[in-house]
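Below: the structure, in structure tokens.
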């Protein structure tokens with residue numbers, strides 16, 4: 001079997017990214033440049049505004065993985081942003097598990113303007129999603 005990096009499969013990954021913390025600093029621009037085919041980046045006003053339903057809808061329309069990238073708490077003008085975003089991520093992970101999807105298909109991380117290469121986290125996540133996809137495809141093939 002081929003690894004995800006050797007496969008021609010490009011998973012659909014949807015990322016919700018804070019536009020204040022990342023948009024203005026160039027970190028989001030770096031993600032746009034490095035984003036591989038199949039990665040959709042949706043700038044949002046604040047990751048605290050993302051509801052569990054938004055996350056689940058991304059999976060419903062066919063995403064193999066979803067990530068939420070916020071600015072660091074010390075950079076954020078809003079209080080408790082990370083708290084609320086992580087609450088919703090955890091709720092969505094539980095629902096994913098209940099419906100038979102791996103909770104690792106949903107990740108949340110902070111990106112900082114000072115990051116040397118903010119797309120590293122995206123590269124790692126893309127690789128992880130590719131591996132999960134291949135594992136589920138193998139399981140499906142074994143069943144048939």
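Flag set for residue 106, criterion: in contact with a strand residue (DSSP E or B) (Cβ under 9 Å, 6 or more places away or on another chain) and either closer than 22 Å to residue 131 by Cβ or at pLDDT 95 or above (or both). Within the range 77-104, residues that are on the phi > 0 side of the Ramachandran plot have Cβ atoms under 8 Å from residues that are surrounded by 17 or more Cβ atoms within 10 Å (Cβ to Cβ) and assigned to a helix (DSSP H, G or I) in these pairs: 80/48, counting only partners at least 6 apart in sequence or on another chain. Sub-6 Å Cβ pairs linking a first residue in the range 125-142 that is on the phi > 0 side of the Ramachandran plot and modelled with pLDDT under 80 to a second residue that is loosely packed, with under 13 Cβ neighbours inside 10 Å and not in a helix (DSSP H, G or I), at least 6 apart or interchain, number zero. If the condition is being at pLDDT below 65, in contact with a strand residue (DSSP E or B) (Cβ under 7 Å, 6 or more places away or on another chain) and outside any helix (DSSP H, G or I), then the range 10-46 contributes only 35. The set of residues in the range 81-111 that are surrounded by 15 or more Cβ atoms within 10 Å (Cβ to Cβ) and in a loop (DSSP other than H, G, I, E, B) comprises 101, 102, 111.
Can you tell me which residue in the range 47-68 is modelled with the lowest pLDDT, limited to those that are closer than 14 Å to residue 87 by Cβ and surrounded by fewer than 17 Cβ atoms within 10 Å (Cβ to Cβ)? So the residue we want is 49.
The values are calculated or read from the model by the stated rules, or taken from the named source; none is laboratory data. All of these numbers come straight from a predicted model, not from anything done at the bench. Positions of Cβ are generated from backbone atoms using ideal geometry, with glycine treated the same way; all protein chains shown enter the neighbour counts.
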